[in-house]
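In what follows, a single structure is set out as C-alpha cells and then discussed.
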Amino acid sequence: MTGIRIENLTFTYKEASAPTLKDINLSIDKGAIALIIGESGSGKTTLIRQLKTTLTPYGERTGKVYINDIDEEALESKERVATIGYVGQNPEISMVTDRVYSELAFVMENLGEDNGKIRRTIAEVAHYFGLEELFLKKTNELSGGEKQLVSLASAMTTNPRVLLLDEPTAMLDPLSAVKLINVLKRINEEFGTTIVITEQRLEEIYEIADMVIVMKDGKVEKAGTPGDASKYLSACCDDNGLRNGLPAQIRLYKEASKLREGCPLTLKEGRIWFNKEFGRCTGKPCDCAETGTDITSKEEILKIDELAAGYKDKPYVLRNVDLMINKGEFICLLGGNGAGKSTILKALLREAEVTEGRFYYKGRKVKSLPLGKNEAVYLPQNPMAMFTEVTVKEEIESLYDNKLTPEDAISAEDALKKFRLEEFKDLHPYDLSGGQMQRLALAKALILNPDLLLIDEPTKGMDPGFKIEFASILNELKNSGKSILMVSHDVEFAARYADKCALLFDGEIADFAGRRQFFAGNLFYKTAVNSMVRDVLPNCNTVAEVMECIMH
C-alpha cells in the first residue's frame, strides 16, 4: 500500500500566467520518510500543501491525491485533520493558544473529543516529547526550538498516518535541528507514520530519508533513494545549485575521491572513508590561511560597549556585551534559540529596551543607529515585515518614490534581475516562497546602498544556489567598504564566508574569533565537514579547506 499517490497533479495560482505544479505523478511508500528538495520557487511548498486540502492555496487544480489509497478530497473534514498532520517552517506563527497545554489540546478539542481522552492523550504526548517542564509555560516564552517541538507534538495528538513538514528546521539552531530530526526518526520508526519533508538544510535530514524527490520548475526531476538522488545531482552541471547543497560527506567524496561509483551517505560513513583514505595526510591545516576577503581598513564603523538589554517581560536577555565591527568586515552572531542574537540587532535600533551600555557609529556616540540610504539598513527575521505593496515590482519601485533616484542606485528592473525575481514581478509578495520572500527583502535592503547591513537569519529558506549568489553580493559589499552584522543558525554559511564569528550564550558573548579558529575549537557548534575530518585535519571547516590541505 502506498502512503501517498499523486496522479497528474497540476496547480496554477490565481491570476498566474503559468502553472506552478505541472502534471506531477509520484508515489511514496507507506511508512517512508520522503525528502523534497529543489531551488526556491521549484514548487516544493506548493506540492506539500496539495497533500492536505485545507492547506491548498487559492487557484486552479487538476489531478488527484490519494492518502493510503483514499482520495484525499473524499475525506471528511474531521477525518482529514486526524489523518494528516502538518508542521510549518515558522513556529512563531504556528502557535494558536497562549499556553503549552492548551496548544496540545487544541486539535482534539476542535475535533470534539471528550475531556477524558484529551487529558490522557496530552499527558502521553507531553511525556513522549519531554514537554513536562514546558507544560504550564506561556507559548510566547518558548524558544524557537521549543515552539517547533510543541507544534510537532500538537500535530501528533491525533496519531496522524501522514505527517507533512515544510522546512521545519529553518528557524532552528543546529542543535535544536538535530533534536527535531531525531524525534522525527523516532516517530517514523515507532508509529510507521509516513513523513514528507521539504528542506534546504540537508546535512542532518538526508541521513534518515528513505526517498529523495528533486523538483525543478514545478516538475519532479528525480525520485529515488538518497543514493540515486546524490548520483543524479552530482552528475549535473557544475553550476547546479542543489549539487552545492548536498550533505558534506557527499560533496567531499565527489571532490576528493577518484572512485566513480558509490559515496558515503551518512556522516559516520564519511568519517570512516576519510580516515581510511587520508589518515596519513601530511597537510598542515594550521598553516592554511583564512580564506575570507582581507580587511584592508581598520576604521571602526560600529562599537557596542557594555550592552545590557531585554524586553518588558524579559529584561535581562543581554548583559555586558562588547562588540566592534570595522569597515569592510563581515561578522556573524551564532548561538542557540533565545541566546540573545536578534536582541543585539533590536537593541541597536531601540526595539529592545537598553538598560546599560553605549553605541558608537562611525566614531560618534548614538542612541540608536540611523537608518536609510548610505547609513544602516535592518533586514528582520520575518521578511513580510518589509512588504507594503501589492506586487513584487511595486515593492522595488516604492523605494524610488522618496528615497532614491536612478542616478544613485540600480534600477528596479536590474534589482529584479539580480535577485532572480523577474518572473514573479506581478505576484503579491505573500504569494512568494520563503526563499523568494527573503530575496525580495534583501533587494529592498541592498538597493539603499547601506554602509552597515544588519541581517537576521537571511539564509533561512534560501536554496543552495542562491546562497552562493548571496555570498557574492555580500562580498561585493565588503570590497566596497561596507560592513555586515549577521545573525544566523547557518553554521556552514558562516564557516565559509564570515570574517569573524561570535557565540552567544546566556546573554553574553562566550567566544569571538576569526571563523577558522572559531569553528575548529568548538565541540558542537561546528560544520559537518569538521565533524568528518577532525581526526586528521582538525582545523578544516569546509570542503575547500580540506581540498587545499590534502592536495599539498
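Asn337 satisfies every condition listed in (1) open to solvent by less than 60 Å² (accessible area, probe 1.4 Å); (2) within 25 Å of Ile447 (Cα to Cα); (3) not in a strand (DSSP E or B) except (2). Mind listing whichever residues of the range 84-140 are touching a residue at least 40 places away in the same chain (Cβ under 8 Å), among the charged types (D, E, K, R) and open to solvent by 50 Å² or more (accessible area, probe 1.4 Å)? Correct list: Glu92, Asp98, Arg99, Lys138. For the residues Asn541, Asn479, the requirement of being under 30 Å from Arg420 (Cα atoms) and open to solvent by 50 Å² or more (accessible area, probe 1.4 Å) singles out Asn479. Residues that are of a type in the set (S, T, N, Q) and either surrounded by fewer than 16 Cβ atoms within 10 Å (Cβ to Cβ) or out of contact with any helix residue (DSSP H, G or I) (no Cβ under 8 Å at 6 or more places or on another chain) (or both) within the range 181-192 comprise just one, Asn182.
Determine if the range 440-448 includes at least one residue that is within 19 Å of the chain's Cα centre (by Cα) and over 28 Å from Leu318 (Cβ atoms). Yes: the range 440-448 contains one or more residues that are within 19 Å of the chain's Cα centre (by Cα) and over 28 Å from Leu318 (Cβ atoms). List every residue pair whose Cβ atoms sit under 8 Å apart, with the two residues 6 or more apart in sequence or on different chains, where the first one lies in the range 525-536 and is over 20 Å from Phe512 (Cα atoms) and the second, anywhere, is surrounded by fewer than 18 Cβ atoms within 10 Å (Cβ to Cβ) and of a type in the set (Gly, Ala, Ser). If the second residue must be surrounded by fewer than 18 Cβ atoms within 10 Å (Cβ to Cβ) and of a type in the set (Gly, Ala, Ser), the pairs left are Asp535/Gly279; Val536/Gly279. Out of the residues in the range 6-48 meeting the condition of being surrounded by fewer than 20 Cβ atoms within 10 Å (Cβ to Cβ) and among the basic types (Lys, Arg), tell me which one is farthest from Gln436 (Cα to Cα). Within the range 6-48, the match that is farthest from Gln436 (Cα to Cα) is Lys30. Output yes when any residue across the range 193-216 is surrounded by fewer than 17 Cβ atoms within 10 Å (Cβ to Cβ), touching a residue at least 12 places away in the same chain (Cβ under 8 Å) and touching an Asp or Glu at 6+ places or on another chain (Cβ under 6 Å), and no when none is. No: the range 193-216 contains no residue that is surrounded by fewer than 17 Cβ atoms within 10 Å (Cβ to Cβ), touching a residue at least 12 places away in the same chain (Cβ under 8 Å) and touching an Asp or Glu at 6+ places or on another chain (Cβ under 6 Å).
Which one of Leu35, Leu47 is at negative phi and assigned to a strand (DSSP E or B)? Break it down stepwise before answering.
On the way: Leu47 fails: assigned to a strand (DSSP E or B).
Only one candidate qualifies: Leu35.
Just so you know, in the range 62-83 the residues that are at positive phi and touching a Lys or Arg at 6+ places or on another chain (Cβ under 9 Å) include one that is surrounded by the most Cβ atoms within 10 Å (Cβ to Cβ), and it is Asn68. Checking each residue in the range 1-32 for being closer than 21 Å to Lys425 by Cα and outside any strand (DSSP E or B) picks out Lys14, Glu15, Ala16, Ser17, Ala18, Pro19, Thr20.
Just to be sure before I move on: is Ala155 open to solvent by less than 20 Å² (accessible area, probe 1.4 Å) and assigned to a helix (DSSP H, G or I) in the structure I sent? Before you say what the answer is, go through the steps one by one.
Numbers: open to solvent by less than 20 Å² (accessible area, probe 1.4 Å): yes; assigned to a helix (DSSP H, G or I): yes.
Criteria met by Ala155.
Among the residues of the range 70-79, are any in contact (Cβ under 8 Å) with a residue 24 or more places away in the chain, part of a loop (DSSP other than H, G, I, E, B) and within 18 Å of Leu164 (Cα to Cα)? The answer is no; no qualifying residue exists. Inside the range 158-180, residues that are open to solvent by 50 Å² or more (accessible area, probe 1.4 Å), of a type outside the set (D, E, K, R) and not in a loop (DSSP other than H, G, I, E, B) make up a count of 2. Put simply, of Ile468, Ile447 the only residue that is out of contact with any Gly (no Cβ under 8 Å at 6 or more places or on another chain) and among the β-branched types (Val, Ile, Thr) is Ile447. Apart from one condition, Val533 fits all of (1) open to solvent by 40 Å² or more (accessible area, probe 1.4 Å); (2) modelled with pLDDT of 90 or more; the exception is (1). Within the range 492-515, residues that are more than 14 Å from Asn541 (Cα to Cα) and open to solvent by less than 50 Å² (accessible area, probe 1.4 Å) sit with their Cβ atoms under 8 Å from residues that are assigned to a helix (DSSP H, G or I) and of a type in the set (Lys, Arg), at 6+ positions apart or across chains, in these pairs: Leu504/Lys341.
The values are calculated or read from the model by the stated rules, or taken from the named source; none is laboratory data. All of these numbers come straight from a predicted model, not from anything done at the bench. Note: ideal-geometry Cβ built from the backbone for every residue, glycine included; neighbour counts use all protein chains shown. Accessible surface is based on the protein model in full, side chains and every heavy atom, while ligands, DNA and RNA are left aside. Shrake-Rupley method; radii C 1.70, N 1.55, O 1.52, S 1.80 Å.
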